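Here the structure comes first, spelled out in structure tokens, and everything after it is commentary.
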Amino acid sequence: MAQWYANGVAAAFGSTVSGGTPNIDFLSDTINIALLTSAYTPDYAAHDFFNDVVANEVSGTGYSAGGVTLGSKTLTVTAANSWATTAAISTAYTLGRIVRPSAGNGYVYRATVGGTSAGSAPTWPTVVGQTVTDGSVVWTNVGVAVVQWDAADPSWTSSTITARYAVIYDRTPATDATRPLMCLIDFGSDKSTSSGTFAVTIDTLGFLVITV
């Protein structure tokens, strides 16, 4: 899953200056995803616009500067009791998965320690921030609703490139110095293609998720 840039959050609400106008309209603006090399050093606190990362953008066959535009964008808000994924017994859960109890109690829970759930359901805490151990999984009460930013998986066909990161940003403003960064996906290591398809698989929860 992607990690927000701090200034991207601010841009979504206008800016850090009183009276600032909104900088990101996710559904209406052109939102691009670009690939970066391992030479890039992420700075989630200070980096705010595409000019902070463009020097480390990849180049190669099948890749155009600026990346590609995300398609099929969605922004959804789901109340806890409508969350589709219910907790199951004796089931493996990876870090970050979000569930609700099978009998909805108005809250959702995130796996803050991945593992396998127990053979019976835990007693779910009803205070945000409280945790419960369920087999080897630790669930944390993370709120009453889930906000998700999602899009179709982007790809570069017939490409020969090497990338370590993918950055998602708003390309609608006119210059790189005014195009807000939203978030960064870290592949964990360099990924390469040689006359093949470089595909970025967006997490099943979406590329950005906030619980409230």
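Take the eigenvalues of the Cα gyration tensor for segment 93-212, scale each by 5, and report the square roots as semi-axes in whole Å, largest first.
Square roots of five times the eigenvalues give 36, 19, 11 Å.
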>> Please give me the summed charge of the neighbours of LEU36: other residues whose Cβ is under 13 Å from its Cβ, Lys and Arg +1, Asp and Glu -1.
In response: -3
> Taking the simple approach of a point 7 Å from Cα along Cα-to-Cβ for both VAL147 and THR21, what is their distance in nm?
Replying inline: 2.2 nm
> How big is D, in µm² s⁻¹, for the chain by Stokes-Einstein at 10 °C and 1.306 mPa s if Rh is the Kirkwood radius over C-alpha pairs?
Replying inline: 85 µm²/s
> Which whole-number percent gives the relative contact order of the chain, counting Cα pairs below 8 Å spaced six or more residues apart?
Replying inline: 27 percent
> Taking the Cα centre of each part, how many Å lie between segment 38-84 and segment 148-186?
Replying inline: 3 Å
> Tell me, what HN-Hα J-couplings in whole Hz come from the Karplus equation 6.51 cos²θ - 1.76 cosθ + 1.60 at θ = phi - 60° for each residue of segment 184-198, using x for Gly and Pro?
Replying inline: 10, 9, 9, 6, x, 6, 5, 10, 9, 10, 9, 6, x, 9, 8
> Any idea what Rg and Dmax come out to for segment 98-146 if you just take the C-alpha atoms, in Å?
Replying inline: 9.7, 27
>> Order these by the 10 Å Cβ neighbour count, fewest first: MET182, MET1.
In response: MET1, MET182
>> Run the numbers for SER195 and THR69: contour at 0.36 nm per residue of separation, minus the present Cα-Cα distance, in nm.
In response: 43.2 nm
>> I want to verify a result. In a Gaussian network model of the chain, Cα cutoff 10 Å, which of these has the top mean-square fluctuation: VAL132, VAL108, VAL53?
In response: VAL132
> When the Debye formula is applied to the Cα atoms of segment 8-130, each taken as the same point scatterer, what base-10 log of I(q)/I(0) results at q = 0.22 Å⁻¹?
Replying inline: -1.18
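Every number in this text was worked out from the coordinates using simple rules, so none of it is lab data. The structure displayed is predicted, hence computed values, not measured ones. So basically every Cβ, Gly included, is an ideal-geometry build from the backbone, and we count neighbours across all protein chains shown.
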